[in-house]
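Reading through the structure tokens given below for one structure.
The values are calculated or read from the model by the stated rules, or taken from the named source; none is laboratory data. Just so it is clear, the structure is predicted and the values come from calculations on it, not from any experiment. Here the Cβ is made from the backbone with ideal geometry for all residues, glycine too, and neighbour counts use every protein chain on show.
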Amino acid sequence: MLGKKGSTTRAFVASPLRRRRRRSAMILLELVALVAIIASIMSLSAVVMLQAFRAHSEALKHLRQTEQLQQLVQRWRQDVHAAAQVELLQGDLLEHEWSRDAVLAGEIPNGEEHDDGAVSRVAFLQLTDPTNSKQITYHQTRNGLLRELREGAALVATEQWTLPESGHILFSIDESGRRTVVTARLEYAPASPLTTIEWIACAEAPNE
Amino acid sequence: MNRRAAFTVLEVTIAIVLLSAAVVAVAQFVATVNQGLRDRGLVRQMGWEIENLREKISSWPLADITAENISAVPCPPSLTSQLDEARWEADVQSIEVPLQATQITLRLKCTLNGQVAAPEQLTFWIETGADSAR
């Protein structure tokens, strides 16, 4: 009995050692697991937000380019509407030193291939007003689309329109209808995610 | 001595839940803005295409400008790739006042995400008095 009593007393009185081992926070394993979970959530959040902002930035860039194209198309349509005569002249993009006069004079060969097989043709769209005093030329350059306004021989105004990356504009003319139809086709490199866009404008002056 | 040495599990859980909710909210916001930008781009493209058709029709012989002929014009791939059941519709009528002309109302009808979209519409006139003989 005495022995039992003694053991009961030992169990009841908490030793200072036991009190020190009482848990007041998480154990190391819990902490590691928690840090791992937080790290994975933070990484996932960062990736999601990065992707979202990247997509947003791309969409915004595309929208800005579209706005700029809209301005270009408005200007081009006005020019085509006002034109009495529409001509398409071929030039060569790689021979960048050409001048419009050289193309007109036929000094620049049309459609001749380069040794490296590069695609180098470029079309000048030349619009002449009814009084034959003003000529507007559109053509592709390395930096975009160039619009030149000439009065007689004098170059009056030049505008450079930047096109979306790797884009180039091809012009074509259809004179089979009641009026001359000019088509501008904005094409991109095959690897580009952007799709081809086409604009049509009709010269107001009826065909002969 | 009841001094706290770390966060409790409940506190950490609440923090994680709040963080996740914030990330989801930001992602949804950005996705909504993106959708808005895409819609604006699509509307701009629809505007271009309807203008293109207007220019095309302006070059047709006047006798060919009928609602049937206009409806038969295929929708360009730039639109059919983004819209469902895109098609042209037109009303064509002759008017005398204020000038002798053909009034054409173009409509681009389509469905977007399974819903019928409000048609893009453009009305224009082609004067018939001066060169109707061509």
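What is the residue count in the range A:56-87 for residues that are of a type in the set (A, V, I, L, M), over 11 Å from the mean Cα position of the chain (by Cα) and surrounded by fewer than 16 Cβ atoms within 10 Å (Cβ to Cβ)?
The qualifying residues number 1.
Return a yes/no flag: does the range B:49-66 have any residue that is over 30 Å from A:Phe53 (Cβ atoms), of a type in the set (Gly, Ala, Ser) and in contact with a Leu (Cβ under 9 Å, 6 or more places away or on another chain).
Looking through the range B:49-66, none of the residues is over 30 Å from A:Phe53 (Cβ atoms), of a type in the set (Gly, Ala, Ser) and in contact with a Leu (Cβ under 9 Å, 6 or more places away or on another chain).
Looking only at the range A:29-62, which residues are more than 7 Å from chain B (Cβ to nearest Cβ) and under 30 Å from B:Arg44 (Cα atoms)?
Answer for the range A:29-62, where residues must be more than 7 Å from chain B (Cβ to nearest Cβ) and under 30 Å from B:Arg44 (Cα atoms): A:Leu50, A:Gln51, A:Arg54, A:Ser57, A:Glu58, A:Lys61.
Run A:Ile136 past the list (1) over 22 Å from A:Gln65 (Cβ atoms); (2) aliphatic (A, V, I, L, M); (3) at pLDDT below 80 and report the number of the one that doesn't hold.
(3)
Looking at (1) touching an Asp or Glu at 6+ places or on another chain (Cβ under 8 Å); (2) surrounded by 14 or more Cβ atoms within 10 Å (Cβ to Cβ), which is the one condition that is false for B:Val43?
(2)
Step by step: first the residues of the range A:25-55, then only those that are surrounded by fewer than 13 Cβ atoms within 10 Å (Cβ to Cβ), under 37 Å from the mean Cα position of the chain (by Cα) and hydrophobic (A, V, I, L, M, F, W, C), then the one that is nearest to A:Leu194 (Cα to Cα). Which residue is that?
The selected residue is A:Leu50.
Name the pairs: first residue in the range A:138-161 and touching a residue at least 24 places away in the same chain (Cβ under 8 Å), second residue exposed (fewer than 12 other Cβ atoms within 10 Å of the Cβ), Cβ to Cβ under 6 Å, at least 6 apart or on different chains?
Sorted first by the residue in the range A:138-161, then by its partner, the pairs are A:Glu148/A:Thr158.
Output the strands (runs of 3 or more DSSP E) that fall wholly within the range B:37-134 and possess 1 or more residues being more than 14 Å from chain A (Cβ to nearest Cβ), of a type in the set (Gly, Ala, Ser) and without any contact (Cβ under 8 Å) to a residue 60 or more places away in the chain, or say none.
B:84-95, B:101-112
Report, ordered by the first and then the second residue, all pairs with beta carbons closer than 7 Å, sequence separation of six or more or different chains, a first member in the range A:169-186 that is within 10 Å of another protein chain (Cβ to nearest Cβ) and within 25 Å of A:Thr141 (Cβ to Cβ), and a second member that is surrounded by fewer than 16 Cβ atoms within 10 Å (Cβ to Cβ) and modelled with pLDDT under 85.
Filtered contacts from the range A:169-186: A:Thr180/A:Asn207.
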